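Heads up: the structure comes next, in structure tokens.
The values are calculated or read from the model by the stated rules, or taken from the named source; none is laboratory data. Quantities reported herein were computed from a predicted structural model and do not represent experimental measurements. Cβ: placed from backbone, ideal geometry, glycine included. Neighbour counts: every protein chain shown. The area values use the complete protein model at the heavy-atom level, side chains included, leaving out ligands, DNA and RNA. Shrake-Rupley method; radii C 1.70, N 1.55, O 1.52, S 1.80 Å.
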Amino acid sequence: MSRARKLGIWAGVLGPLGVVLAVGAVVALWTGFHGSTVSTTSMSPTYKRGQQLIYERLNGTEVRRGDVVLYSAPDRYGFGAPLMQRVIGVGGDHVVCCTGQGGNERLTVNGKPLDEPYVANGIADGVGRRYDVQVPRGRLFVLGDHRTNSMDSRFFAADHDGTVPVSAVRGRVTDDYAVPALLGVGALVGLLLALTGFGLGIAAVAVRKRVVVPPPPPWAVQV
């Protein structure tokens, strides 16, 4: 097998493979994950104002208790930018505030005290807005982690007991960067493979076009 043919075969394999890998990784990264910046202190100390984070884009029906989500509620807040809060109750849950007092104050979900090590200063409520909510199906009860500085479900009781529809969810905040990182590496490797294939293709064409000059005939040799 000639060198030009070998180069052509490698170019035909690596080039398309690299393009498929790069495009697939970029599409998966763009459609599956997105970046955002924390704009308020309502989720401190878990997430501080100005902090960069990544959220996984998903359907709101996949959200579970304890997830930190980004959602939009322009009719409620007057702007379309996403808000970040923690899911306390999902459809069918019974959320009550509160049992105990002071440092022993706890929310209950379905009759069980909720352990919340993430709340600021250990305060489960802090604003004296007692509530007893049966979360409707297809909706979420959400609170900020900084309970004394968060405009969340507690303040919109007249609107479905403060709950938000799962359709409003844009994504779930993730602290696991493994998948986005792997997709980024995949995109880079794909790009390198595509460029390598392109280079091998050029080399194959160059080899085929190379003109081999035959040696001069004996009678043309001058002594």
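Before moving on, here are some points about what is shown:
- Applying a threshold of 9 Å to beta carbon distances and a minimum spacing of six or more residues, or different chains, the list of pairs starting in segment 25-53 at a residue that is more than 21 Å from A181 (Cα to Cα) and ending at one that is of a type in the set (D, E, K, R) and assigned to a strand (DSSP E or B) reads M43/R86; T46/R86.
- Checking each residue in segment 65-99 for being among the small types (G, A, S) and in contact (Cβ under 8 Å) with a residue 12 or more places away in the chain picks out G66, S72, A73, A81, G89, G91, G92.
- Test: residue in segment 182-196 that is at pLDDT 95 or above and open to solvent by 50 Å² or more (accessible area, probe 1.4 Å): no
- Taking segment 1-111 as the region of interest, the strands (runs of 3 or more DSSP E) fully inside it that hold 2 or more residues being within 20 Å of T148 (Cβ to Cβ) and open to solvent by 20 Å² or more (accessible area, probe 1.4 Å) are 83-89, 94-99.
- Test: residue in segment 167-182 that is of a type outside the set (D, E) and more than 20 Å from the chain's Cα centre (by Cα): no
- Members of segment 112-122 that are surrounded by 15 or more Cβ atoms within 10 Å (Cβ to Cβ), out of contact with any strand residue (DSSP E or B) (no Cβ under 8 Å at 6 or more places or on another chain) and not in a loop (DSSP other than H, G, I, E, B): A120
- First in segment 164-187 and under 26 Å from I88 (Cα atoms), second anywhere and open to solvent by 80 Å² or more (accessible area, probe 1.4 Å), Cβ under 8 Å, 6 or more apart: V166/N59; V166/T61; V169/N59; R170/R57; G171/R57; R172/E62
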